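The values are calculated or read from the model by the stated rules, or taken from the named source; none is laboratory data. None of the values given here were measured: they were computed from a predicted structure. So basically every Cβ, Gly included, is an ideal-geometry build from the backbone, and we count neighbours across all protein chains shown.
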Amino acid sequence: MAEEFSIRLAKTEDMKNVFDLSNDDTVRQNSIHTEKIEWENHVKWFENRLNNTNSPFYIIESLSEDFIGQVRIDKKDENIISISIKKDFRGKGLAPDIIRECSIKSKFNEIYAYIKSDNIPSQNAFIKAGYQYISSDGNYFKYKFINAHVYIIAEMSANHCGDKELAKKIIAKAKEIGADAVKVQTYTADTITIDCDNEEFQIRDKNSLWNGENLYKLYQKAYTPWEWQGELKQYADEIGIDFFSTPFDYTAVDFLESINVPCYKIASFEAMDYPLIKYAAKFKKPMIISTGVSSFDEIQGAIDACKSVGNNDITLLKCTSAYPAKLEDMNIITVKDMIERFSPQGVKIGLSDHSMSNIPAITAVSLGATVVEKHFTLDRNLGGADSGFSLEPNEFKSLIDDIRTTEKVLGKVDYTVNEKNRKFARSLYIVKDIKKGEKFTPENIRSIRPSNGLHPKYYEEVLGKTAKKDLKFGTPLCKSYIE
């Protein structure tokens, strides 16, 4: 039975174990960096790693030992993975499962491994973990992992109904049902619009949940108080779920930086505000941008705005800006087109879904979406500006389960043969007794199940040739039987 292991993020108390393993000669000789690490440098490096949330550092434990190895993923121009395992646990077949679990857990869309060209065991381990060979420079082989984990965002928005404790309950429930993140919005009525009663500041749409509302007054009711958000972020950190927000002006970005959110979301109606995008993107955190009211050129402009300040971590969300959105208006095939158009620029694609169905998200994931955002409430009867198109916990849990099942069904690119089942595939068999010197004909050989004989591709080549020996009915045909 294989050794069981568990994975957790590194802590300060792991420093000595990591240091000892890093100085292991057999680890260093298989590493890109072979110099011996001094303790002072190791301490500084380790502390920097613990504070770098964009580069996860995992500790591997087993039932028998607290520390059996480590896996690091360094987020630079590429996400690069490296693994080290203690001597006693090498050669036990643990590496592929450890590598795959850490790769999935990191939630990075793509991860690369660089392995010395003569390190065959490591190459095999990464291939078994689902990595695919990409290229070689002669010294190192490069492998790539596509992470199937879809990042699922529960959008709280105004569903806290002005109650901070309800906001915390929403965060706790999102964590409980398996969401990856909770998102809010950071604005005040004055930072998003002006207090004006002109006609254009009124919502006149009989199909809208907010028909008859004045924009300023609506935002006064719907906003999330800024003084809560640091506390909500801390609470989310404590229970282990990401918490971030949509900023609507520079002051909101500055505030969100002060509470150290992990990424920024730009709403559909701000996606053409390139100065705002640049201001948020300059902090080099992942940028998620909804495209619900953007033209193709405006979408490209948003990408260019991020890249102009050196931020290449961009996810575009296909979005239908209707609340709720009708299924016939979703046009989810656009996700596939966006992947084809924008992924060559290093951009990831997801879905911001305002429908009341799971089908759009599942379809988007099957087409390659890596992020799904959906509004979330504890109970639509509680009210809240967005409750009418938000999912309740049992509905959101169903969505998460469906997405995770879709991930499993999609799996990975795999052309390996199931040998257990292949034994029932076809092959060439003797179906009528044959005497030595007799010719093979369609009457005495056939392609049938099972697969013990010659491959059916040799059938035409064998016809007309003669038998070297007497062959009985039911004998699998072998090359040695052919004259």
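General observations
- Residue match in the stretch 365-385 (condition: in contact with a Ser or Thr (Cβ under 7 Å, 6 or more places away or on another chain), on the phi > 0 side of the Ramachandran plot, crowded, with 21+ Cβ neighbours inside 10 Å and in the same structural domain as ASP297 (by TED's automatic domain parsing)): yes
- The residue that is nearest to ALA364 (Cα to Cα), among those in the stretch 128-138 that are at pLDDT below 90 and surrounded by fewer than 15 Cβ atoms within 10 Å (Cβ to Cβ), is GLN132.
- Which numbered condition LYS144 fails, given (1) within 30 Å of PRO96 (Cα to Cα); (2) surrounded by fewer than 22 Cβ atoms within 10 Å (Cβ to Cβ); (3) touching a residue at least 40 places away in the same chain (Cβ under 8 Å); (4) not small (Gly, Ala, Ser): (3)
- Among residues of the stretch 243-261 that are farther than 19 Å from ASP180 by Cβ, those with a Cβ under 8 angstrom from a residue that is in a strand (DSSP E or B) and among the polar types (S, T, N, Q), sequence gap 6+ or separate chain, pair up as PRO247/THR186; PHE248/GLN185; PHE248/THR186; ALA252/THR186; ALA252/SER245; PHE255/THR186.
- The one condition in (1) in contact (Cβ under 8 Å) with a residue 60 or more places away in the chain; (2) more than 22 Å from THR315 (Cβ to Cβ) that GLN220 fails to fulfil: (1)
- Test for SER245: is it among the hydroxyl-bearing types (Ser, Thr, Tyr) and out of contact with any strand residue (DSSP E or B) (no Cβ under 7 Å at 6 or more places or on another chain): no
- Members of the stretch 415-450 that are among the β-branched types (Val, Ile, Thr), surrounded by 15 or more Cβ atoms within 10 Å (Cβ to Cβ) and assigned to a loop (DSSP other than H, G, I, E, B): VAL431
- In the stretch 190-199, the count of residues that are in a strand (DSSP E or B) and outside the structural domain of PHE376 (by TED's automatic domain parsing) is zero.
- Some residue of the stretch 155-166 being buried (at least 17 other Cβ atoms within 10 Å of the Cβ), at pLDDT 90 or above and part of a helix (DSSP H, G or I): yes
- Of the residues making up the stretch 451-460, those that are in a helix (DSSP H, G or I) and under 17 Å from ILE434 (Cβ atoms) are TYR458, TYR459.
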